[in-house]
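Here the structure comes first, spelled out in C-alpha cells, and everything after it is commentary.
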Amino acid sequence: MEAPPLERKLVAILAADIQGYSRLMSIAEEDTLATLSAHRAITDAIIAQHGGRICSTAGDSILAEFASVFAAVQCAVEIQRDLAQANLALGEERRMWFRIGINIGDVMVKDGDIFGDGVNIAVRLEGLAEPGGICISRGVHDHVRRKLPYGFEDLGEQLVRNIARPVHAFHVRPEGSAPERTGNVRNRSLRRGALAAVAALAVAMVIQGAVWWTTHPGSLPALTAALSLSTISAGVPLGAPMPNQALAS
C-alpha cells in the first residue's frame, strides 16, 4: 500500500528557544521549570491570538506556523514585550530570555509537525537573535518592512550551520529605527569624500583651461598638453574626458 502524499504548504515559521536554559536548570531545576511554565503560558496564548499553530515543543523550544507573515512578526514582538515585563518580577538569576527566528518557506507536514529547509533556516535565525530579540530572513523582511512600524537592522549574508547557502538576516527593532551599521556609515562617508575630491578637481581643471584659453588664444595643442600633465599628476587616468574637449567644441 502506497503512503499518502505529503502535504506541502507555504507558511511563516517561528522558532523560539531560551538563552542559557541548560545553565538555569543546573542552578535550580524546580524554579526554572516553574518560570518556564509561566513563560510558556504567555507565549502560547499570544501565538493563538495571532492565528498561529504550535507544531512542536521540545524542552525549552517552540516551533509554530502562521498563515500570515505579518501575524508571525507581530506575535514575536508581543511575546518579547510581555516576557520582558514578566521577567521584571523575577530575580536576575531566574529571568528567561527567548530568542526568536522567523522565516517564510515551503514546508512538509506530517502528523501535525512541519519539516523542510524553511524550518531549518528559521531555527538558524533564532540562533542569530539576541536574548529577548527577533531575527528574520530577507523574505520576511521584504514582506513587512514598509507595512509594520518597526526598525530593521541589516546583518547581511550569514553563514549558518548545515545550510548550504548564506542566509540574509535582519534584527527586528520594535522601538523604531535601527542604528546604522558602522561599516555602512564609513563606506558612505568615503564615497562622499571621493566624489567631493573629483568634483573639486574638475572645477579646477575647467578654470585652468579657461584662463589658458584667454591668455593664449589659438594655443589648443599647448592647452591640451598642459591639462593632460596636470590630470596625470592628479591621478586621473589617461583617456578620461578632458575639459579642453568641451571648450574646443
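The values are calculated or read from the model by the stated rules, or taken from the named source; none is laboratory data. Fair warning: this is a prediction, and the values are worked out from it, not measured in the lab. Cβ coordinates were reconstructed from backbone atoms using ideal geometry, including for glycine residues, and neighbour counts include every protein chain displayed.
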*asked:* Anything in the range 1-44 that is within 21 Å of residue 125 (Cα to Cα) and among the hydroxyl-bearing types (Ser, Thr, Tyr)? List them, or say none.
replied: 21, 22, 43
*Which listed residue, of 71, 15, is under 22 Å from residue 138 (Cβ atoms) and out of contact with any Leu (no Cβ under 9 Å at 6 or more places or on another chain)*: 71
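Here's the yes/no breakdown for (1) within 18 Å of residue 80 (Cα to Cα); (2) assigned by TED's automatic domain parsing to the domain that holds residue 68; (3) surrounded by 12 or more Cβ atoms within 10 Å (Cβ to Cβ):
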| position | (1), (2), (3) |
| --- | --- |
| 11 | no, yes, yes |
| 19 | yes, yes, yes |
| 22 | no, yes, no |
| 26 | no, yes, no |
| 29 | no, yes, no |
| 36 | yes, yes, yes |
| 40 | yes, yes, yes |
| 44 | yes, yes, yes |
*Among (1) hydrophobic (A, V, I, L, M, F, W, C); (2) farther than 20 Å from residue 135 by Cα; (3) buried (at least 16 other Cβ atoms within 10 Å of the Cβ), where does residue 98 come up short?*
(2)
_Taking the criterion of being touching a Lys or Arg at 6+ places or on another chain (Cβ under 9 Å) and either assigned by TED's automatic domain parsing to the domain that holds residue 76 or modelled with pLDDT under 95 (or both), would at least one residue in the range 137-144 satisfy it?_
no
*With the condition kept exactly as written, say whether any residue in the range 125-135 is part of a helix (DSSP H, G or I), among the small types (Gly, Ala, Ser), modelled with pLDDT of 95 or more and crowded, with 16+ Cβ neighbours inside 10 Å.*
no
*Sort out for me the strands (runs of 3 or more DSSP E) sitting completely within the range 26-110 that have 3 or more residues that are under 22 Å from the mean Cα position of the chain (by Cα) and more than 30 Å from residue 5 (Cα to Cα).*
98-110
_For the range 139-154, which positions are part of a helix (DSSP H, G or I) and crowded, with 16+ Cβ neighbours inside 10 Å?_
139, 140, 141, 143, 144
